[in-house]
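The values are calculated or read from the model by the stated rules, or taken from the named source; none is laboratory data. Because the structure is a prediction, the values reported are computed rather than measured. In this analysis, Cβ positions are derived from the backbone assuming ideal geometry, glycine residues included, and neighbour counts consider all displayed protein chains. The area values use the complete protein model at the heavy-atom level, side chains included, leaving out ligands, DNA and RNA. Shrake-Rupley method; radii C 1.70, N 1.55, O 1.52, S 1.80 Å.
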Amino acid sequence: MNKRTDFLPYSTQWISDEDIEAVVETLKSPFLTTGPKVKEFEEVVARYVGAKYAVSFANGTAALHAACYAAGVSEGDEVITTPITFAASANCARYMGANIVFADIDEQTYNIDPHEIEKKITAKTKAIIPVDFTGQPVDIDAIMAIARANNVVVIEDGAHSLGADYKERKVGVTADMTMFSFHPVKPVTTGEGGIIVTNNPDYYEKLLLFRGHGITHTPYAEEQGGWYYEMLDLGFNYRMTDIQAALGISQMSKLDSFIAKRQKLAAYYTEKLMTIKGVTAPHQLLDTQSGWHLYSVQLDPAVLGKSRKQIFEELRSANIGVHVHYIPVYWHPYYQGLGYERGLCPKAEKWYEQALTLPIHPQMDEEDIDIVLGYFK
Ligand SMILES: *Cc1c(COP(=O)(O)O)cnc(C)c1O
């Protein structure tokens with residue numbers, strides 16, 4: 001195989017001169033935080049997905065935490081999520097004192113299986129946090145139907161799926177609340193950053209309150225004086241800066257072209273993999289258009305004659321930034337300490353043992369994919 005001279009990461013940001021100019025302009029403006037760029041960024045994202053409201057946060061994890069607060073998740077509640085995700089999808093409900101219930105994945109899409117969710121619902125279930133793993137949307141209509149029948153709130157973790165489509169709707173218009181992350185590996189970036197989109201005015205108010213220390217202006221201000229405000233609940237300082245928001249506005253104008261490029265690269269991977277034995281391309285549902293945050297294959301070590309570890313290490317030493325997303329969340333020592341046992345979600349565990357993430361991001365080209373796949377030939 002060809003060894004690359006420079007490291008090919010599994011994903012990376014793409015910052016242009018106009019992005020840099022937008023940030024510099026804000027640095028020279030009167031507002032570095034709580035200024036007009038934050039509002040503008042929120043409007044841009046809300047309009048893009050077709051949601052009424054958007055509230056930005058310092059990062060995606062803070063946004064998920066706030067969504068759990070808005071949903072009323074509290075001590076002793078149960079919250080259902082997938083084990084095949086980044087730890088934050090579960091941690092956010094732990095912050096509120098909830099117990100996490102892991103529901104197994106669908107073998108085809110690797111996303112949480114709605115039937116498994118249904119089996120895990122109890123009288124204590126307060127919320128479901130489905131994750132659009134790799135950028136492929138979950139079956140949100142099926143999940144919403146289960147949630148409505150059981151009076152449960154749905155917080156979609158769309159960290160991978162900004163710009164993806166589900167039945168010709170953008171991810172973000174269907175769930176009660178949807179989170180997007182703007183970490184540099186995600187579809188577009190603000191350095192660190194996150195957002196919740198929603199159509200529900202009550203959730204919107206609660207998200208704003210939680211983001212700003214639980215402080216609000218009240219009707220009493222008139223009587224008390226113009227300086228007066230009240231802290232109604234224990235919130236956090238989870239604000240995004242105008243510097244981040246300025247970068248985000250500029251990045252959002254490129255989202256569609258980034259996604260189109262990711263889709264083109266994914267199609268190329270999938271086509272080439274048809275002739276490579278022992279490496280299975282990710283299956284896509286016909287009514288979804290993935291944003292292709294990750295390209296995750298299943299390896300068959302028996303066919304390839306090598307273990308995943310060996311394949312991973314050989315590709316890494318050839319400067320190809322393969323990765324594994326994700327270790328089942330409840331395998332981590334913290335969750336093991338809470339009493340979760342191995343074998344809880346057998347499909348997820350089996351999937352994990354064979355998973356490998358191949359590089360995909362808009363600055364790559366087909367030649368890069370030829371080099372990656374050259375390893376398997
Ligand atoms: C990145 C990510 C998050 C958290 O986002 P941050 O902005 O890094 O805090 C949550 N869930 C998933 C699935 C992610 O990939």
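Grab the helices (runs of 4 or more DSSP H) fully contained in the stretch 11-113, keeping just those with 3 or more residues being within 15 Å of the ligand (Cβ to nearest atom) and either closer than 28 Å to Trp331 by Cα or open to solvent by 10 Å² or more (accessible area, probe 1.4 Å) (or both).
60-70, 88-94
Which of the residues that make up the stretch 163-174 are closer than 21 Å to Lys126 by Cα and either more than 16 Å from the ligand (Cβ to nearest atom) or open to solvent by 10 Å² or more (accessible area, probe 1.4 Å) (or both)?
Val173, Thr174
List every residue pair whose Cβ atoms lie under 8 Å apart, where the two residues are 6 or more positions apart in sequence or sit on different chains, the first residue falls within the stretch 176-189 and is not assigned by TED's automatic domain parsing to the domain that holds Asp202 and among the β-branched types (Val, Ile, Thr), and the second residue, located anywhere, is open to solvent by 20 Å² or more (accessible area, probe 1.4 Å) and more than 7 Å from the ligand (Cβ to nearest atom).
Matching pairs, first to second residue: none at all.
Residues being in contact with a strand residue (DSSP E or B) (Cβ under 7 Å, 6 or more places away or on another chain) and within 11 Å of the ligand (Cβ to nearest atom): count how many of those fall in the stretch 175-192.
4
Considering the stretch 270-320 alone, what residues qualify as being touching a Ser or Thr at 6+ places or on another chain (Cβ under 9 Å) and in a loop (DSSP other than H, G, I, E, B)?
Ala281, Pro282, His283, Gln284, Leu285, Ser290, Gly291, Trp292, His293, Leu294, Asp300, Asn319
Look at the stretch 339-348 and say how many of its residues are away from the ligand (no atom under 16 Å from the Cβ) and either within 20 Å of the chain's Cα centre (by Cα) or free of Cβ contacts under 8 Å to residues at least 60 places away in the same chain (or both).
Summing the residues that are away from the ligand (no atom under 16 Å from the Cβ) and either within 20 Å of the chain's Cα centre (by Cα) or free of Cβ contacts under 8 Å to residues at least 60 places away in the same chain (or both) in the stretch 339-348 gives 4.
Tell me yes or no: at least one residue of the stretch 300-307 is away from the ligand (no atom under 16 Å from the Cβ) and crowded, with 18+ Cβ neighbours inside 10 Å.
Looking for residues that are away from the ligand (no atom under 16 Å from the Cβ) and crowded, with 18+ Cβ neighbours inside 10 Å, one finds none in the stretch 300-307, hence no.
Taking the stretch 333-377, which residues are among the aliphatic types (A, V, I, L, M) and under 19 Å from Val101 (Cβ atoms)?
Correct list: Leu338, Leu344, Ala348.
Given the options Tyr69, Tyr110, name the one that is of a type in the set (Ser, Thr, Tyr) and within 23 Å of Leu338 (Cα to Cα).
None of the other options fit; the residue is Tyr69.
Scan the stretch 143-162 for residues that are among the polar types (S, T, N, Q) and within 15 Å of the ligand (Cβ to nearest atom) and jot them down.
Ser161 - this is the single residue of the stretch 143-162 that is among the polar types (S, T, N, Q) and within 15 Å of the ligand (Cβ to nearest atom).
Consider Trp351 carefully, then state whether it is among the aromatic types (Phe, Trp, Tyr), on the phi > 0 side of the Ramachandran plot, at pLDDT 95 or above and within 16 Å of the ligand (Cβ to nearest atom).
no
Going residue by residue through the stretch 344-353, is there one that turns out to be under 26 Å from Pro184 (Cα atoms) and surrounded by 13 or more Cβ atoms within 10 Å (Cβ to Cβ)?
yes
Can you list the helices (runs of 4 or more DSSP H) found entirely within the stretch 329-377 that contain at least 3 residues being within 30 Å of Lys254 (Cβ to Cβ)?
366-374
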